[in-house]
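Shown next, in structure tokens, is the structure this report addresses.
The values are calculated or read from the model by the stated rules, or taken from the named source; none is laboratory data. Bear in mind the structure is a predicted one, so any value in this text is a computation, not a measurement. Neighbour counts are summed over all protein chains in view; Cβ atoms, including those assigned to glycine, are modelled from backbone coordinates with ideal geometry. These area figures cover heavy atoms from the full protein model, side chains too; ligands, DNA and RNA do not enter into them. Shrake-Rupley method; radii C 1.70, N 1.55, O 1.52, S 1.80 Å.
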Amino acid sequence: MAKIFDAIDSRLGAWIARQRMFFVATAPTGADGHVNVSPKGPIETLRVLDEHTVAYLDLVGSGAETIAHLRENGRVVVMLCAFEGPPRIVRLHGRGQVLDAGAIDFPDVDALPEQHRTVIRVDVERIADSCGYGVPLMSYEGERPQSLAWAQTKLAKGGPGALDDYVADKNAVSIDGLPALG
């Protein structure tokens, strides 16, 4: 059933690219902090860079927990689930680093450049899969239009710096008060 992989080979990389979304989980160092899990997507925002490195384009959002946790301790897991086809879950455990938004190119991403907040690069230390029998089968209907529409409205009303202002206001610290993008 479960298998540990030595590397992200071409077969596993192709499976990753066929998924529709992924999840990112992090936690602060202290016992009192909040664990965070974030759904991410579309899958074009995730790239396999080599056998032990992935990166994803982090778009402007309502919180910055992942960024704060990575800056504090670097621990991260990226999880992908097969919602279509044979059941499978893949987890990529590693150490993450927050990079500037333009550090790695994501040519297939359909988002405004102003929505690109950071890039998260993960040096993958453990690659494992599991059965995925508990993951429901779901049909893909498409991407939600709200993120792009929200950004366009923000920019139209607030000008070219509106998303930077939003990030400065809403993403400076985590919900636990850890520095994020301040």
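What to note about this one:
Residues checked against (1) in a strand (DSSP E or B); (2) not small (Gly, Ala, Ser):
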residue: ARG11; (1), (2): no, yes
residue: VAL24; (1), (2): yes, yes
residue: GLY33; (1), (2): no, no
residue: LEU49; (1), (2): yes, yes
residue: GLN97; (1), (2): yes, yes
residue: GLY102; (1), (2): no, no
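- For the stretch 35-47, filtering for residues that are open to solvent by 40 Å² or more (accessible area, probe 1.4 Å) and either in a loop (DSSP other than H, G, I, E, B) or touching a Ser or Thr at 6+ places or on another chain (Cβ under 7 Å) (or both) leaves 1.
- Options ILE127, ILE67: the member that is buried (at least 19 other Cβ atoms within 10 Å of the Cβ), in a strand (DSSP E or B) and in contact with a strand residue (DSSP E or B) (Cβ under 7 Å, 6 or more places away or on another chain): ILE127
- Annotation note: Cβ proximity below 8 Å between a residue of the stretch 69-98 that is over 16 Å from PHE22 (Cα atoms) and a residue that is open to solvent by 20 Å² or more (accessible area, probe 1.4 Å) and acidic (Asp, Glu) (sequence gap 6+ or interchain) occurs for ARG95/ASP123; ARG95/GLU125; GLN97/ASP123.
- Listed by first and then second residue, the pairs with beta-carbon distance under 9 Å, at least 6 apart or on different chains, first residue in the stretch 1-17 and within 14 Å of CYS131 (Cα to Cα), second surrounded by 10 or more Cβ atoms within 10 Å (Cβ to Cβ) and of a type in the set (S, T, N, Q), are MET1/SER130; ALA2/SER130; LYS3/SER130.
- Filter result for ALA31 (among the small types (Gly, Ala, Ser), farther than 30 Å from GLU141 by Cα and without any contact (Cβ under 8 Å) to a residue 40 or more places away in the chain): yes
- Selection of the stretch 159-182 for residues being within 15 Å of ASN36 (Cβ to Cβ), charged (D, E, K, R) and exposed (fewer than 14 other Cβ atoms within 10 Å of the Cβ) yields an empty set.
- Scanning the stretch 130-158 for residues that are without any contact (Cβ under 8 Å) to a residue 12 or more places away in the chain and either surrounded by 11 or more Cβ atoms within 10 Å (Cβ to Cβ) or in contact with a Phe, Trp or Tyr (Cβ under 7 Å, 6 or more places away or on another chain) (or both) yields a total of 3.
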